[in-house]
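Just below is one structure, and these are the notes that go with it.
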Amino acid sequence: MYDIVFISYEEINADTNWNRLKSRFPMAKRVHGVKGIHNAHITAASKTFTEMIWVVDGDAEVLDSFNFDHKVDKWTLNTVHVWRSLNPVNYLEYGNGGVKLLPRQLTKHMDTSKPDMTTSISEHFKAMDKISNVTSFNTDEFNTWKSAFRECCKLSSKIINRQKNAETDNRLHTWCTVGKDKPFGTYAIKGARAGALYGTENTGNVDALKMINDFDWLKKQFEESI
């Protein structure tokens, strides 16, 4: 019903995840190697034609039970829909890394000055209860650390609109303490703690928080912290 776009950058498992998605949904499109998360989504919106577009991240293993068949009511065509994802390190289940259904035109003209891409698109947001995928970000030291750093910076700085503080704090605590026995779990915890500290120290500093979308900067932070 709506175009599906797979967005990848340097995820080690991106090709595997793409081939799996493509085998089920042959008309899916791919955007690869576009620098900057906002720019990648703008590119995705520019390559599609339906009024809403599905977006799948490069490290997402979409569940066989998820069928991209949600139909949006006409009065919610301006709403960002985000499904839940399962974190394989700490088993959190929420929107981080989940499949998204985005308004194409609003995505194409999003506010690129905001640190969090999802809330850059629209003031209207709907969290969907169903789990869409496993976010398999723990494929190597850097990608694991980077994903944890970015998410926990957002959580600790409270930059995500409409969040519930108690829920956010619980998620942040789990990121920072759980999963060291999982593959690259220690890097997830190190990245989470570093990101939490950076977010707390830079709360309200938009320019500093935007750096979490600069993967070259993140690589430098990783190398200096490990």
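For this structure, a couple of remarks:
- Relative contact order for the chain, counting Cα pairs under 8 Å that sit 6 or more residues apart, in percent: 19 percent
- The range 50-122, relative contact order in percent, only Cα pairs under 8 angstrom and at least six apart counted: 36 percent
- For the options N19, N39, N133, a Gaussian network treatment of the chain with springs between C-alpha atoms closer than 10 Å singles out N19 as fluctuating the most.
- Annotation: per residue accessible area for the range 37-155 equals 39 Å², rounded to a whole number [probe 1.4 Å, protein chains only].
- Net charge of neighbours whose Cβ lies under 9 Å from the Cβ of T135, counting Lys and Arg as +1 and Asp and Glu as -1: -3
- What the Cα atoms of the chain give is an Rg and a Dmax of 16.4, 49 Å.
- Each of V206 and D111 was given a label point 7 Å from its Cα along the Cα-to-Cβ line. The distance between the two points is 0.6 nm.
- Surface composition of the range 109-175: carbon plus sulfur atoms hold 46% of the accessible area, using a 1.4 angstrom probe and ignoring ligands, DNA and RNA.
- Rounded to whole Hz, the Karplus (6.51, -1.76, 1.60) HN-Hα couplings of the range 175-185, x for glycine and proline: 3, 7, 10, 10, x, 5, 8, 8, x, 6, x
- Mean ellipticity per residue at 222 nm, deg cm²/dmol - from DSSP H runs of n ≥ 4 across the chain, formula -39500 (n - 2.57): -12000 deg cm²/dmol
- Relative contact order %, the range 67-182, counting alpha carbon pairs below 8 Å whose residues are six or more apart: 28 percent
- Inter-part distance, the range 126-175 to the range 193-225, computed on C-alpha centroids, equals 14 Å.
The values are calculated or read from the model by the stated rules, or taken from the named source; none is laboratory data. For clarity, every value in this text was computed on a predicted model and none was experimentally measured. Here the Cβ is made from the backbone with ideal geometry for all residues, glycine too, and neighbour counts use every protein chain on show. We work out accessible area using only protein heavy atoms, side chains counted, and drop any ligands, DNA or RNA first. Shrake-Rupley method; radii C 1.70, N 1.55, O 1.52, S 1.80 Å.
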